[in-house]
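Okay, structure first, notes after.
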Amino acid sequence: MAEIFSKLGISASVLHKIVNLDKSTRRLAAIRPGHSIRFQLDDQGNLYQLNYPYDIANSLHISKVGTGYNADTLTKSLETRIAHTSAKIEHSLFLAGQAAGLSDNMTMKLANIFGWDVDFALDIRKGDHFTVIYEEIFLDDKKIKDGNILAAEFHNSGKTHQAIRYQDSKGQSQYYSPDGMSMRKAFLRSPVSFSRISSRFSLGRKHPILNKIRAHKGVDYAASRGTPIKSTGDGKIVFKGKKGGYGKTIIIKHGSAYSTLYAHMRSYNKKSRIGSRVKQGQVIGYIGSSGLATGPHLHFEFRVNGVHRNPLTVRLPKASPLPKKYRDDFKTKAKSLVAQLNLIKTNTLASLQ
């Protein structure tokens with residue numbers, strides 16, 4: 001802003017006065033390339049008005065009043081409309097989403113909701129189908145963005161998963177199954193998004209480099225070099241470094257019973273340090289081929305009390321339920337949304353036959 005004011009011949013003292021008018025004007029100190037600001041100067045070149053539309057619906061308006069300035073925030077009313085769609089997967093989740101009119105961002109939201117129950121790198125099958133009820137945000141009768149997913153269903157390999165968005169009295173929102181159990185589990189099923197399984201958990205696999213039978217006590221996710229690797233659960237990094245044939249490796253401890261290992265990394269996230277806490281879904285490193293690896297992939301292990309378990313089939317800790325004080329309200333809303341999901345699914349899938 002100082003550079004812009006200088007080019008317009010407006011003194012730095014005026015900028016200082018405006019930026020410190022109140023909290024709303026402080027956003028002028030955080031402008032970004034691509035933003036637009038409109039100025040109106042009087043005949044003497046003094047600032048008369050300034051208008052800064054800082055997002056789709058809101059703009060900061062500053063006008064000269066006497067010897068000082070006044071600031072107002074002007075807000076356009078947004079309209080939220082409810083939309084729905086349903087689709088059957090023929091090739092990929094993203095292609096099905098596009099065919100159903102969903103943006104890629106909305107398809108990712110859908111995948112994230114069910115990411116604790118469905119491994120989208122492994123489990124997606126031709127014939128799987130989904131139904132979504134979601135918000136669309138309009139301004140002046142023109143759609144400007146997607147809103148929240150209100151309810152969704154994902155039918156995968158013969159099993160149906162349903163999720164309902166619920167916002168409590170504190171304004172906190174989460175997704176729950178129709179019986180009030182949180183969709184968010186202690187662990188994600190997959191540490192990478194939309195990859196493919198190149199090697200499964202096996203006690204009798206021939207090692208591709210050593211050419212001898214060696215137990216493969218994890219799962220290999222093949223993906224392009226540099227693909228982000230996510231921690232599957234909250235925890236603490238207890239190892240970071242080179243570990244024999246594993247190459248660049250991170251081990252995370254999740255409480256007293258669980259630990260996960262991520263190997264063959266190309267590089268680490270700069271924030272990944274031994275002893276640092278990580279959140280579920282936080283990027284800890286990037287896929288590579290360090291150690292004994294024939295190509296870029298992630299080797300992922302899941303251990304319970306030090307014993308290797310198959311990450312694809314291990315029973316994960318149950319989800320937390322919705323607090324009791326919200327359950328009656330939730331059940332009323334969930335019943336209506338589930339009925340809508342069933343009706344949309346039935347009508348849409350019937351038309352696809």
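The values are calculated or read from the model by the stated rules, or taken from the named source; none is laboratory data. Here the structure is a predicted model, which means the values were calculated and not measured. Counting neighbours? That spans all protein chains shown, and the Cβs are built from the backbone with ideal geometry, glycine included.
Residues are listed down the side, and each one gets a yes or a no for (1) surrounded by 19 or more Cβ atoms within 10 Å (Cβ to Cβ); (2) at pLDDT below 90; (3) more than 25 Å from I229 (Cα to Cα):
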{"position": "G127", "(1), (2), (3)": "no, yes, yes"}
{"position": "K143", "(1), (2), (3)": "no, no, yes"}
{"position": "N148", "(1), (2), (3)": "no, no, yes"}
{"position": "F154", "(1), (2), (3)": "yes, no, no"}
{"position": "Y166", "(1), (2), (3)": "yes, no, yes"}
{"position": "Y175", "(1), (2), (3)": "yes, no, no"}
{"position": "D179", "(1), (2), (3)": "no, no, yes"}
{"position": "A186", "(1), (2), (3)": "no, yes, no"}
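Against the definition (over 30 Å from I164 (Cα atoms) and surrounded by 15 or more Cβ atoms within 10 Å (Cβ to Cβ)), how does L341 come out, yes or no? So that I can check it myself, show each step before the final result.
Details: over 30 Å from I164 (Cα atoms): no; surrounded by 15 or more Cβ atoms within 10 Å (Cβ to Cβ): yes.
No: the conditions fail for L341.
Taking A30 as the residue in question, decide whether it is closer than 17 Å to E135 by Cα and of a type in the set (G, A, S).
Considered against the rule, which asks whether it is closer than 17 Å to E135 by Cα and of a type in the set (G, A, S), A30 comes out as no.
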Condition met for G68 (exposed (fewer than 14 other Cβ atoms within 10 Å of the Cβ) and on the phi > 0 side of the Ramachandran plot):
no
Tally of residues being at pLDDT below 90 and assigned to a loop (DSSP other than H, G, I, E, B) across segment 101-110
0
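Please tell me if I274 is surrounded by 15 or more Cβ atoms within 10 Å (Cβ to Cβ) and among the β-branched types (V, I, T).
Values: surrounded by 15 or more Cβ atoms within 10 Å (Cβ to Cβ): no; among the β-branched types (V, I, T): yes.
Spelling it out, it is not the case that I274 is surrounded by 15 or more Cβ atoms within 10 Å (Cβ to Cβ) and among the β-branched types (V, I, T).
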Checked segment 1-33 for anything exposed (fewer than 12 other Cβ atoms within 10 Å of the Cβ), under 15 Å from Q49 (Cα atoms) and polar (S, T, N, Q); matches are none
For segment 258-353, which fully contained strands (runs of 3 or more DSSP E) count at least 3 residues that are closer than 30 Å to Y175 by Cα and at pLDDT 90 or above?
258-268, 283-287, 297-304
